[in-house]
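Please treat every number below as a calculation from the coordinates, not as lab data. Values in this document were obtained by computation on a predicted structure and should not be read as measured data. No Cβ is skipped: glycine too gets one built from the backbone with ideal geometry, and neighbour counts run over all protein chains shown.
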Amino acid sequence: MTDIKCTPFYYLLIIFLLVNLIKCKSYYPVVIIHGVLTGSDSMEQISSRIQEAHPGTQIFNTPRYAGWSSLEPMWHQVEEIGEDLMAISAAFPEGINLLGYSQGGLLARAILQRFPQHNVRTFISLSSPQAGQYGTKFLHLFFPDLVCETAYELFYSKVGQHTSVGNYWNDPYHQELYFKYSKFLPFVNNEEQSVNTTDYKLGLTKLKKLVLIGGPDDGVITPWQSSQFGFYQFNETVVEMRDREIYRTDAIGLKTLDKAKKLNIHTVPGIPHDQWHKNMTLVDLYILPYLD
């Protein structure tokens, strides 16, 4: 009797099974964008956890705009990091995933909108000021005397708009100045129409998943619901995302994604702002399941 282990068929079968096993265990590359006043080193812990849980995952942890340079205007950062992301997209035509933390999550979202030809499958926004910021706690590092009530005097000016924070400062009491001076957030939120309005919506609606993560104990993102596109109305009462005009009018595609069950929102209590990317339990529960 012929021993089947010695036949060419047997070896072909083994090769077939191995190839398919490798395919089954492969993961899409992940691009990571750090927060303000930090750098790629701050994201090494979450990068290592992703690679540990998903062996073979290629991580691209952007080194651009680290430290004080993270305060440069948002559009400058969007252009340069966006070009990097598009180069990675071209190298992996089957698709990539994107994770942004804090300011990096807003940068990441704007990159998707600015470059709608991207091939990002899942975008995870980790405690990011997607609807803007109206809190000065972290700003005291470089503006020690700054308070919310008068911050608009700085940020809603030509000088203030040369800072990243000024670009997404959203003062509910001075909306007329917000729309007059802000060169970034009103446009990426399609609150102000531009020649790129259609592209800004397309860049998000083509996602397979949009994941918004935030929580009530953040302590920096203000209001914390901004991480989920909620924000203050004029009297500092928070309006949740689904009750805001940006959702009702489907300005950037949030409603489209939601109706298609592509929008995932996670509210996680007990996590201060500087721990979202360091708490491995949170990473395991709310990030890894989306990194296919």
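Go through Lys180/Lys261; Lys183/Lys259; Lys209/Lys259 and tell me which ones have a Cα-Cα distance over 24 Å in this structure. Don't skip to the end; give the middle numbers.
Numbers: Lys180/Lys261 35 Å; Lys183/Lys259 30 Å; Lys209/Lys259 12 Å.
Check vs 24 Å cut-off fails for Lys180/Lys261; Lys183/Lys259.
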Report summary line: Between the modelled labels at Phe92 and Thr198 (7 Å from Cα along Cα→Cβ) the distance in nm is 3.0 nm
Requested in this report: Could you rank the peptides 131-138, 78-85, 28-35 by their average count of other C-beta atoms within 10 Å per residue, with the highest value first?
Outcome: 28-35, 131-138, 78-85
Query - Distance from segment 241-287 to segment 54-68 (C-alpha centre basis), Å - result: 22 Å
Query raised in the report: For segment 147-192 and segment 196-229, what is the separation of their Cα centres, given in Å?
Result: 18 Å
Query raised in the report: Most fluctuating residue of Phe179, Phe187, Phe92 in a GNM of the chain with Cα springs under 10 Å: which is it?
Result: Phe92
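At 222 nm, what helix-only mean residue ellipticity would the chain give, in deg cm²/dmol to the nearest 500, using -39500 (n - 2.57) for each DSSP H run of four or more?
Values: 12 runs with 108 residues, N = 292.
Theoretical 222 nm ellipticity from helices: -10500 deg cm²/dmol.
Under the definition of Cα pairs under 8 Å and six or more residues apart, what whole-number percent is the relative contact order of segment 49-178?
Dividing the mean separation by the residue count of segment 49-178 yields 22 percent.
Quick one: net charge around Asp258, please, counting Lys, Arg +1 and Asp, Glu -1 for every other residue with C-beta under 11 Å from its C-beta.
Values: positive: Arg242, Lys255, Lys259, Lys261, Lys262; negative: Asp250.
Spelling it out: positives minus negatives among the neighbours equals +4.
Roughly what % antiparallel, to the nearest 5, for the DSSP beta bridges in the chain?
Here the antiparallel bridges make up roughly 10 percent for the chain.
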